[in-house]
Amino acid sequence: MAKMTIQDKLALLSDAAKYDASCASSGTSKRGSRDGTGLGSTTGSGICHAYAPDGRCISLLKILMTNYCVYDCAYCVNRASSNVLRARFTVDEVVWLTTEFYRRNYIEGLFLSSGIIKSSDYTMEEMVRIAEKLRAGGFRGYVHLKTIPEASPELIERAGLVADRLSINVELPTDASVRSLAPEKDPVGIRKAMGKVRLTKEDYAERSFTGRRRAKFAPAGQSTQMIVGADAADDATILGNASRLYGAYGLKRVYYSAFSPIPDSSAVLPLIDPPLMREHRLYQADWLLRFYDFELGEIVTRDAGGMLDLDVDPKLAWALANRDRFPVDVNRAEKAMLLRVPGFGTKIVDRILKARRQGALGLEDIRRMGGRVKAARAFVTAKGHHPSGALDAADLRARFVKPKQMELF
Amino acid sequence: MYAPRLPRLGTEPAWRDAARRLAAVRPADIDWGWEDADAAFFADPLPEAPTDLTVPKAFPGLVRPLLSERSGRGFALAHALLHRLQAQRGLLSSRADSDVAEAQRIAKEIRRDIHKMHAFLRFREVDAPGPRRAFAAWFEPDHRIEEATADFFVNRFGDMDWRIVTPEVTVTYRDGALDLVATDSLRPEAEDPLEQLWTTYYSNIFNPARLKVDAMRAEMPKKYWRNLPEARAIPDLIAGARAATLKMQQAGPTQPAPQSLRRPARPEPEPAMPDTSPDLFGAPDLPTLAREVEGCTRCPLHAPATQVVFGEGPAAARVMIVGEQPGDREDIAGRPFVGPAGQLFDEVAQAAGLDRGDCYVTNAVKHFKFVQKGKRRIHQKPATSEVNACNWWLGQELRAVDPALVVAMGATALHALTGKGAGLLKRRGGVERTKDGRPVLVTVHPSYLLRLPDPEARARETEAFRRDLARIPDLLAA
């Protein structure tokens, strides 16, 4: 076979990386290069430099170091038994691509993942070497490294000292699914590795007796991803698992990735269209759990078979099922209850709390502040507004459900 | 009638000067505008600025973006807020006010324009006169944001020379010096060989099975496409997406790659009960126990926990310390007594002349039991059934270490060791017997000390705990 060009490799190894949902470049330490000795800066919230036609943000150069892999995970295009073409980037190629793309303002930095070759330690060390070389060359952009769970603690420590974010994918919502679909992966080992990252980060955050911090270890924290729709786990299981992960390992994000058809698939998994709406509802529910003080049991109930409602968002679903808690008076209600009103986000609630000190608010005022009045109106009272019968209307739910569009083919 | 005209560059200081002078003037009596756009006909000279003008902290942040607004409406709005603030100090916090809401809306639009310029500007490499590499970019912002965005690029591309050209302004950064000139320019025709590589990346990172064109266009509107090299690939990517997905689905599963069938099978994990146990009927040694306990599913606690936390210490230890269960930090670290309670234990033990390194430390229950409260894991007392299920392991540890003295810290440990946990505070300080007849010194758990709110009571109880531990050498000698 002819030698692969860097363009061939880029095509192959970015195609293989697209199943990782994360492309975030936010929340890291502030850096810049106005001193003229390096390249790059970081901003608080990150920047999306382009959007692909799948609606997803492109913030980082997201590639695999190699798609050779000794593991045989059924859902993965790079599993050992797949027939895909294989390639491997050299250290210099990744460094060159990252900095040249960065100089042209295409990206915020690098998200490097990899298939596992030879051993976990060998693979991890090669990845760490790439990040170290980037930093040694004066690169101050964002670096996200995928961590190999079985890699030695020394390598994870080295990775955290050059990367902004580390991530280890839990892959699937339950241990049993991991064991059956990713036979070489060990769910306990994955959790231990996430614990190791949390402890190392805490150790580095402690000040020494001179009051100085040792160094910054993964300042943008760690994240993980689980595939949704490849096994039978229900939404209650998925969200319960996610909230445990947030709690135990201090994760910044848990990403849900709808299982989507891959080329050269395995016989174990059916190639359905990815459950995109389910994925979207899981993210919404995840937000309610983390920022709106909802309990898991309120969002997914046994009545609904532990699944989220696909037709309406989880907050609206809760409001519809708990109409006795409404209407909420926007001029009097406390914060916790305002947060439960459909159409009001955390920002709007803060604005309402501030603005109502200056005088009673009507629906039009709330619209001006950015609240989604259409969703809220049946659930609130405001100056000059009372939902009266709307709240009890039998067709209230139907008003929020978009009619299903016919497929075009 | 006043008619201040503001320059294309240096807008902000010029507006500030004019606005200070006009703070007391009614907005209706001022006609704001740009120098280059609309000439003023009847303009009175501006009055002197008052010396005692103050604004709330939030004001500059809200007003700064407004001054980039293209039509000049931003100047008037910013001034109207300044004018009204003199009588109504709390004005800015009222998002329901129509001026404030309008200002917030325009500020948001400008911030978005700035953000999109940070995101969608593309540099192309050009010939460099000096040792630094040189790049140039063309961008068409909606508003007059060149000044507002320049610093972002200075901070980001500090080690290269660059030029950003917009239809109205040219921003040059050379050898660390920034220069802005208001001059009209036309869109250049240029290419960069890297654009092909970038488009390759863009096309391959796209997942055709997840086509969501509206979501893309909401964030990357079409007006930006003509200056984005990768956007040329978009129509083909959209057109081929459904076919690509169907092809994957219809192709169906493939045969495993031949080389994967030849690869060596991975070694089987160690069997749970190794048959190399030194004595089939004797007690297994500690390393064997530690390996076996990892797969323990005797009670439901194993499921949510990170890992089992087994005891640690020398196999020949004469003292065995038993606590309740691992906590949050122990669960993560996989070692007993490393959290806050463990640290307190180490301190007090040292004060009592006891070296933790000489003791075998373990817990009555080997998995962390907790409830999830938001992002925190809150410790829960293990149930009797869980203590009983784990008692098998504690018994194995007792047999393997065979200590001369066991220390029960807290009611759960006392229950696990003696079969009875009630009345701890009455029994503390006493020496009882384990179910298999070993002496057990009864004391409190260090986390009990941590939970005492009253510092005096805590000091008293810590001292009592130290005295309990200090008796250990005597009890060993007896």
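Every read-out reported here was derived from the displayed coordinates using simple, explicitly stated rules and does not represent laboratory data. Keep in mind it's a predicted model, so treat the numbers as computed, not measured. All Cβ positions, glycine included, derive from the backbone under ideal geometry; neighbour counts span all protein chains shown.
Taken over chain A, the convex hull of the Cα atoms encloses 193 Å³ per residue.
The distance from the alpha carbon centre of the range A:251-296 to that of the range A:298-340 is 21 Å, rounded to a whole number.
Over 25 Å apart at the Cα level, from the set A:Lys354/A:Lys383; A:Lys185/A:Lys252; A:Lys315/B:Lys369; A:Lys402/B:Lys212; A:Lys9/B:Lys223, are A:Lys315/B:Lys369; A:Lys9/B:Lys223. Calculation over all alpha carbon pairs of the range B:148-269 in 5 angstrom steps from 0 returns a P(r) of 2, 7, 11, 12, 13, 12, 10, 8, 6, 5, 5, 4, 2, 1, 0 percent. Between A:Phe291 and A:Arg332, the modelled labels are 2.9 nm apart [label points 7 Å from Cα along Cα→Cβ]. When the P(r) is computed for the range A:41-129, the part past 22 Å accounts for 39% of the Cα-Cα pairs. Put simply, the amide H of B:Ala3, placed in the peptide plane, has neighbours under 5 Å in B:Asp31, B:Asp44, leaving out anything fewer than 5 places away on its chain.
Sequence-ordered 3J(HN,Hα) estimates for the range A:255-267 from the Karplus curve with 6.51, -1.76 and 1.60 and θ = phi - 60° stand at 9, 10, 10, 4, 5, 10, x, 10, x, 6, 7, 8, 6 Hz, glycine and proline given as x.
Give the dimensionless ratio obtained when the Cα radius of gyration of the range B:121-196 is divided by 2.2 N^0.38 Å. Dividing the Cα Rg of the range B:121-196 by 2.2 N^0.38 Å gives 1.06.
Rg/Rh for the range A:243-333 (Cα atoms only, Rh after Kirkwood) is 1.07.
Please work out the Cα center distance from the range A:106-168 to the range B:420-478, rounded to the nearest Å. Rounded to whole Å, the Cα centres lie 48 Å apart. A full extension of the chain between A:Asp273 and A:Asn83 corresponds to an added length of 66.2 nm, given 0.36 nm per residue minus the alpha carbon distance.
Working note: Karplus 6.51/-1.76/1.60 with θ = phi - 60° gives the range B:64-71 the couplings 3, x, 4, 6, 8, 5, 5, 6 Hz, where Gly and Pro are set to x. When peptides B:356-368, B:22-34 are ranked by their average number of other Cβ atoms within 10 Å per residue, the highest-first order is B:356-368, B:22-34. Could you calculate the FRET efficiency of B:Ala303 with B:Trp392 from 1/(1 + (r/R0)^6), where r is the beta carbon distance between them and R0 is 25 Å, rounded to 0.05? That gives a FRET efficiency of 0.85. GNM on chain A, alpha-carbon springs under 10 angstrom: the most fluctuating residue among A:Phe291, A:Phe379, A:Phe217 is A:Phe291.
What is the projected area of the convex hull of the Cα atoms of chain B, averaged over all directions, in nm²? Hull-based average projected area comes out at 41.1 nm². Measure nothing but the geometry: give the 0 to 90° angle between the long axis through the Cα atoms of B:73-85 and the longest principal axis through the Cα atoms of chain B, rounded to 10°. For helix B:73-85, the angle is close to 70 degrees. Short to long, the 5 Å bins of the Cα pair-distance histogram for the range B:413-472 hold 4, 18, 27, 23, 16, 8, 3, 1 percent of all pairs. In units of the rule-of-thumb radius 2.2 N^0.38 Å, the range A:83-168 shows an alpha carbon radius of gyration of 1.07.
The separation of the range B:160-210 from the range A:44-88, counted between C-alpha centres, amounts to 26 Å. Principal axis extents of the C-alpha atoms in the range B:89-219 (largest first, rounded to whole Å): 54, 47, 27.
The angle separating the long axis of helix B:194-205 from the principal Cα axis of greatest extent in chain B is about 50 degrees. What the Cα convex hull of the range B:35-109 gives, in volume per residue, is 118 Å³.
Taking amide H as placed 1.01 Å from N in the peptide plane, the amide H of A:Tyr142 sits under 5 Å from that of A:Gly109, A:Leu110, each at least 5 places away or on another chain.
Taking 7 Å steps out from each Cα toward its Cβ at B:Ala43 and A:Arg207 produces label points 5.4 nm apart. The amide H of B:Val407, built 1.01 Å from its N in the peptide plane, has B:Met320, B:Ile321, B:Val322, B:Leu441 as neighbours under 5 Å, considering only residues 5 or more places off or on other chains. Ellipticity at 222 nm from helices only: DSSP H runs of n ≥ 4 in the protein assembly as shown, each -39500 (n - 2.57), divided by the residue count, give -11500 deg cm²/dmol. Set against the 2.2 N^0.38 Å expectation for a compact globular protein, the range A:136-190 has a Cα radius of gyration ratio of 1.40.
Using 0.36 nm per residue and subtracting the Cα-Cα separation, the extra length available between B:Ser98 and B:Leu186 on full extension is 27.8 nm.
Phi angles of the range B:323-334 translate, via the Karplus equation with coefficients 6.51, -1.76, 1.60 and θ = phi - 60°, into HN-Hα couplings of x, 8, 6, x, x, 3, 6, 4, 4, 7, 7, x Hz per residue; Gly and Pro are given as x. First obtain the Kirkwood hydrodynamic radius of the protein assembly as shown from its Cα pairs, then insert it into the Stokes-Einstein equation at 20 °C and 1.002 mPa s, and state the resulting D in µm² per second as a whole number. Taking Rh from Cα pairs, D becomes 67 µm²/s. Averaged over peptide A:32-44, the number of partner chain Cβ atoms lying within 10 Å of each residue's Cβ comes to 5.
Label-to-label distance for B:Leu450 and A:Ser180 is 4.0 nm, based on points extended 7 Å past Cα in the beta-carbon direction.
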